[in-house]
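The block underneath contains the structure these notes are about, expressed in structure tokens.
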Amino acid sequence: AQIDELDGKIKQLEQAQEKIAKAINDMKRSQDLDNPSVRQVFEGLVTKSKQLGQAIADQHTHAKQLQLQGKQGAVLEVVIFQEIWTGTQVTLGEFKTMVRATIQKPRIAQLRATRVRILPMGEGNKPVD
């Protein structure tokens with residue numbers, strides 16, 4: 001939810017930056033930059049555009065930090081209490097495995113190194129609380 005909110009803010013900031021960029025380009029084409037008051041407005045728009053660019057970069061950085069925190073706090077396991085059918089794909093994070101044969105016993109799918117393993121539940125293979 002926080003990342004979705006940040007995406008909305010980023011879109012708003014990008015839209016504002018596009019409007020300012022259009023105004024800057026229009027002012028450059030009008031060639032009134034010799035006029036001190038027009039020049040002042042132009043410089044203010046350039047400054048605002050830079051500030052918006054930095055705000056957008058900050059929001060992207062914050063979104064990436066939230067994604068990393070989510071990944072670090074995620075428990076990468078799936079508990080199968082009854083059965084799992086042939087052809088079922090189990091995805092944990094960016095890794096996945098395909099179930100080749102129906103299993104009708106409790107199992108746990110865990111991420112082990114860079115593979116998703118489906119293991120019998122028992123001592124040492126219990127769900128993380």
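The values are calculated or read from the model by the stated rules, or taken from the named source; none is laboratory data. Quick caveat, the model's predicted, so the values are computed rather than measured. Cβ placement follows ideal geometry from the backbone for every residue including glycine, while neighbour counts extend to all protein chains displayed. When the accessible area is computed, the model is the full protein with side chains, heavy atoms only, and any ligands, DNA or RNA have been set aside. Shrake-Rupley method; radii C 1.70, N 1.55, O 1.52, S 1.80 Å.
Looking at the structure I just gave you, is THR86 outside any helix (DSSP H, G or I), surrounded by 12 or more Cβ atoms within 10 Å (Cβ to Cβ) and of a type in the set (S, T, N, Q)?
So THR86 fails the test.
Only one residue in ALA16, ALA63 is under 30 Å from LEU111 (Cβ atoms) and either in contact with a His (Cβ under 8 Å, 6 or more places away or on another chain) or open to solvent by less than 40 Å² (accessible area, probe 1.4 Å) (or both). Which one?
Sole residue among the options that is under 30 Å from LEU111 (Cβ atoms) and either in contact with a His (Cβ under 8 Å, 6 or more places away or on another chain) or open to solvent by less than 40 Å² (accessible area, probe 1.4 Å) (or both): ALA63.
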- prompt: When THR97 is evaluated against the numbered criteria (1) open to solvent by less than 40 Å² (accessible area, probe 1.4 Å); (2) part of a strand (DSSP E or B); (3) of a type in the set (Ser, Thr, Tyr); (4) under 30 Å from ILE10 (Cβ atoms), which criterion, by number, is the only one it fails?
  reply: (4)
Unmet requirement for GLY73, which otherwise passes all of (1) within 30 Å of ARG115 (Cβ to Cβ); (2) more than 23 Å from the chain's Cα centre (by Cα): (2)
query: at negative phi, part of a loop (DSSP other than H, G, I, E, B), out of contact with any strand residue (DSSP E or B) (no Cβ under 8 Å at 6 or more places or on another chain) and open to solvent by 60 Å² or more (accessible area, probe 1.4 Å), is that true of ASP4?
result: no
